[in-house]
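Notes for the one structure printed next.
The values are calculated or read from the model by the stated rules, or taken from the named source; none is laboratory data. Owing to the predicted nature of the structure, the values given are computational and were not obtained by experimental measurement. Here Cβ is always computed from backbone atoms with ideal geometry, including for glycine, and neighbour counts include all displayed protein chains. The area values use the complete protein model at the heavy-atom level, side chains included, leaving out ligands, DNA and RNA. Shrake-Rupley method; radii C 1.70, N 1.55, O 1.52, S 1.80 Å.
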Amino acid sequence: MSEPRVRFEVEGLVATITIDRPQALNALDPATISELSAAMDQLEASSATGAILTGGGKAFVAGADLKVLSDVQTADRARGYARQGQAVFGKISASSKPVIACVNGYALGGGLELALACHFRYASERAKLGLPEVTLGLIPGYGGTQRLSRLVGRGIATELILTGERINAAEALRIGLVNQVFADKDAMLAAAAATLQTIGAHGQVAVKLALEALERGLDGSLEHGLEVEADLFGIACSTKDAAEGIQAFIEKRPAEFQGK
Ligand code: DAK
């Protein structure tokens, strides 16, 4: 049996998913993508309330596995490969538990697209991010054209996609591609774990509904988004957690949420 390419670990409320194929800078081959899919299923089933997604060794993910892609010669097979990745990345972005990408090094092509599928991103100062597909005669195939432009705006996304240039962590922070930058990987992982602990202490039904509102509401008109938000707000208001949260505020005590 081959070595696992993705590790899934849980400590307290926080799961860590590590893409661990350092000899190929964690490039995404079909086996890695399917292990990533299984790790997301483990996250949903686990007691963890959120996950860190990071890379083993010096890279986050240096892209789709170009050695595998070099064998994908027909449009149909390429499309199948794209759909496999898109399905797993979609699973991450639609996850009911927050996933923070911790970008510890190269996040190129499919690697940046993977980080974009996460709910938000932290970076270490060593991070290098870019979508170099056009330099290979390709275009992003795992959602990069769509998710990057929705996150940083069409103009900046177009420039990054058409030039294929890599940007550093400071520039990624400036354009809003990552939320925070840390001196090194350990500091980044500790901060991400602390963020997930903070989120994990809140009412988990509310966290799930907020993620759902963001996921379902942002893709259409503002009117559509507001309708989605109102529907989910209605559900949140009728939970025991909401009753407890409001009562705890009135009684000036910490809330004891039960996730119901
Ligand atoms: N695929 C396969 N192997 C890779 C790889 C990749 N993306 N990136 C690195 N490696 C391997 C290298 O081949 C090398 O293996 P050996 O030669 O030692 O066997 C090992 O990892 C270490 O890499 P380097 O020796 O090159 O390390 P350096 O530190 O010198 O350079 C680098 C790091 C990240 C600058 C360099 O490795 C590099 O330029 N890597 C390629 C980056 C890249 O262009 N990535 C692809 C982006 S395009 C699609 C779906 C998605 C996509 C396309 C189509 N369809 C559904 C059809 C997405 C495409 C992309 O991701």
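Suppose the filter is more than 10 Å from the ligand (Cβ to nearest atom), in contact with a Lys or Arg (Cβ under 6 Å, 6 or more places away or on another chain) and not hydroxyl-bearing (Ser, Thr, Tyr); does Gly55 pass it? So Gly55 does not fit the description; no.
Selection within the range 146-171: residues that are closer than 14 Å to Ala123 by Cβ and within 16 Å of the ligand (Cβ to nearest atom). The member of this set that is most open to solvent (accessible area, probe 1.4 Å) is Arg166. If you check Leu173, Leu160, Leu151 for being under 26 Å from Ile33 (Cα atoms), within 17 Å of the chain's Cα centre (by Cα), part of a helix (DSSP H, G or I) and at pLDDT 95 or above, only one passes: Leu151. For the range 128-140, taking the residues that are open to solvent by 80 Å² or more (accessible area, probe 1.4 Å) and modelled with pLDDT under 95, the one that is nearest to the ligand (Cβ to nearest atom) is identified as Leu136. So, in the range 206-260, how many residues would count as being among the basic types (Lys, Arg) and assigned to a helix (DSSP H, G or I)? Looking only at that region, the number is 3. For Gly143, are the conditions met, namely being at positive phi, open to solvent by less than 50 Å² (accessible area, probe 1.4 Å) and more than 9 Å from the ligand (Cβ to nearest atom)? Taking the combined requirement at face value, the residue satisfies it.
Residue count for the range 232-260 satisfying the condition of being farther than 24 Å from Ser96 by Cα and of a type in the set (Asp, Glu): 1. Within the range 72-83, residues that are closer than 13 Å to Leu138 by Cα and open to solvent by less than 100 Å² (accessible area, probe 1.4 Å) have Cβ atoms under 9 Å from residues that are in a helix (DSSP H, G or I) and near the ligand (Cβ under 9 Å from one of its atoms) in these pairs: Val72/Ala78; Val72/Gly80; Val72/Tyr81; Ala78/Leu69, counting only partners at least 6 apart in sequence or on another chain.
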